[in-house]
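Before any comments, here is the structure.
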Amino acid sequence: MSLVWSGEFDLITEAIAFERKLKGWSRAKKEAVIAGHWHKLPELASRPRTRL
């Protein structure tokens, strides 16, 4: 295992909140963060709509 991304936070509570949020993200969103493509997060957050 190796460290692929790190961030700085002013408060430990902010770091913990971000880590919890990140754990729920898709692999694609996590890979965008690792690559530094923060601008892609909104498009990766949208879920495809299913037709009934």
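Remarks
- Nitroxide proxy distance, nm - points 7 Å out along Cα→Cβ at Trp5 and His37: 1.2 nm
- Structure-derived Cα Rg over 2.2 N^0.38 Å: which label, when the choices are [x] 2.06; [y] 1.14; [z] 1.35: [z]
Throughout, read-outs are computed from the coordinates displayed, never taken from laboratory work. Since this is a predicted model, take the numbers as computed values, not measurements. Heads up, the Cβs are rebuilt from the backbone with ideal geometry, glycines too, and the neighbour counts pull from every protein chain shown.
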